[in-house]
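Step one of this worksheet: look at the structure below.
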Amino acid sequence: MSEKLQKVLARAGYGSRREIEGMIQQGRVSVDGKLATLGDRVDVTPAMKIRIDGHVVSIRESAETICRVLAYYKPEGELCTRHDPEGRPTVFDRLPKMRGSRWIAVGRLDINTSGLLLFTTDGELANRLMHPSHEVEREYAVRVFGQVDDEKLNQLRKGVQLEDGPAAFKTISFQGGEGINQWYNVTLTEGRNREVRRLWEAVGVQVSRLIRVRYGDLPLPKGLPRGGWTELALKDVNYLRGLVALSEETASKVPVERERRRMKANQIRRAVKRHGQQVSGAARRNNSTGKGAKKG
């Protein structure tokens, strides 16, 4: 049975459907020597040669790869892109390396937002989790700066008009704070660009800190440092797959519990060390720039 080419490649882990559609439009994908176009359907056979950027991709081997999901604690200052022309750090820099597949980010967090970011090897899973039709709930801890009253909170619950259409928080709960610096937890069921910040700005309130603390029923793992990752167990992977009507996996790459605890402790130590080195390096560069400015 034939399937759309972008769906086949997404399921095999070569990107989300949206990413692969972009590759096809850019003329980077071919099937049996013929340049692919959007809408092409394929029947996968062992003899078929699908190429991305001239390199043959193995659909058979990729299709047999176990679906894997990582939970990553994104720090502020990292970009949700694979490569940055300015050389700034990206969320992909610290992820474990793989052969024959790659990590696909489930949505994005902007450079000034931290918190839970999921990655998977299954492009179809990533695509469905990101699609607004599935209404997967995201929760954020937000520190706001400005006067917040009941009228503004009611506006945010009922909905405000943004430049890309109406939007609203599903829930808002006060978490504490003093004066005009207060913390709230808010939930959304879509992931439009900078939506949390834009909603607050629409009622005249600025967001000074934003952390994603939950995706669906999966919280940001306790004890995970900024810049650290942990691989989700089979139960959590199948929870995500069930949210978007995908079949359950029956195997996992996550090792047995004792080995998993040892590996997790090691990866956290490495992540903290790398994060500390990056912060120290950035501080040295800033100090150097500051000294130069004073001399000028």
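Just give me the residues in segment 66-88 being in a loop (DSSP other than H, G, I, E, B) and surrounded by 17 or more Cβ atoms within 10 Å (Cβ to Cβ), in sequence order.
Matches in segment 66-88: 67, 68, 75, 78.
Residue-by-condition table, conditions (1) at pLDDT below 95; (2) under 30 Å from residue 94 (Cβ atoms):
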site	(1), (2)
129	yes, yes
152	no, no
164	yes, no
191	yes, yes
Is there a residue being surrounded by 21 or more Cβ atoms within 10 Å (Cβ to Cβ) and over 19 Å from residue 122 (Cα atoms) anywhere in segment 33-55? yes
Checking residue 95 against (1) among the hydrophobic types (A, V, I, L, M, F, W, C); (2) in the same structural domain as residue 33 (by TED's automatic domain parsing); (3) surrounded by 14 or more Cβ atoms within 10 Å (Cβ to Cβ), only one condition comes out false. Which one? (2)
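Can you tell me which of 18, 82, 41, 88 is under 27 Å from residue 117 (Cβ atoms) and outside the structural domain of residue 116 (by TED's automatic domain parsing)?
Values: 82 fails: outside the structural domain of residue 116 (by TED's automatic domain parsing); 41 fails: under 27 Å from residue 117 (Cβ atoms); 88 fails: outside the structural domain of residue 116 (by TED's automatic domain parsing).
After ruling out the rest, the residue left standing is 18.
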Out of the residues in segment 99-148 that are free of Cβ contacts under 8 Å to residues at least 40 places away in the same chain and more than 14 Å from the chain's Cα centre (by Cα), which is farthest from residue 243 (Cα to Cα)? 99
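Yes/no matrix, rows are residues, columns are (1) within 28 Å of residue 244 (Cα to Cα); (2) exposed (fewer than 11 other Cβ atoms within 10 Å of the Cβ):
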| residue | (1), (2) |
| --- | --- |
| 152 | no, no |
| 163 | no, yes |
| 166 | yes, yes |
| 179 | no, yes |
| 194 | yes, no |
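Please verify whether residue 123 is over 30 Å from residue 176 (Cα atoms), at pLDDT below 95, crowded, with 16+ Cβ neighbours inside 10 Å and not basic (Lys, Arg), treating the condition exactly as stated.
Considered against the rule, which asks whether it is over 30 Å from residue 176 (Cα atoms), at pLDDT below 95, crowded, with 16+ Cβ neighbours inside 10 Å and not basic (Lys, Arg), residue 123 comes out as yes.
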Per the list (1) outside any loop (DSSP other than H, G, I, E, B); (2) in the same structural domain as residue 90 (by TED's automatic domain parsing), residue check on residue 225 breaks on (1)
Complete set of residues in segment 131-143 that are buried (at least 20 other Cβ atoms within 10 Å of the Cβ) and in contact with a helix residue (DSSP H, G or I) (Cβ under 8 Å, 6 or more places away or on another chain): 136, 140, 142
Please work out if residue 140 is at pLDDT 95 or above and closer than 27 Å to residue 238 by Cα. yes
If residue 44 satisfies every condition in (1) of a type in the set (A, V, I, L, M); (2) over 19 Å from residue 103 (Cβ atoms); (3) at pLDDT 90 or above; (4) touching a helix residue (DSSP H, G or I) at 6+ places or on another chain (Cβ under 7 Å) but one, which is the exception? (3)
Is one or more of the residues making up segment 169-184 within 26 Å of residue 224 (Cβ to Cβ), of a type in the set (A, V, I, L, M) and at pLDDT below 95? no
Name every residue in segment 143-200 that is in contact with a Gly (Cβ under 7 Å, 6 or more places away or on another chain) and assigned to a loop (DSSP other than H, G, I, E, B), in order of residue number. 146, 168, 180, 191
Please go through segment 5-30 and give me each residue that is in contact with an Asp or Glu (Cβ under 7 Å, 6 or more places away or on another chain) and farther than 18 Å from residue 120 by Cα, ordered by number. 5, 28
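The values are calculated or read from the model by the stated rules, or taken from the named source; none is laboratory data. Only a predicted model underlies this, so the values are computations on that prediction, with no experimental measurement involved. Positions of Cβ are generated from backbone atoms using ideal geometry, with glycine treated the same way; all protein chains shown enter the neighbour counts.
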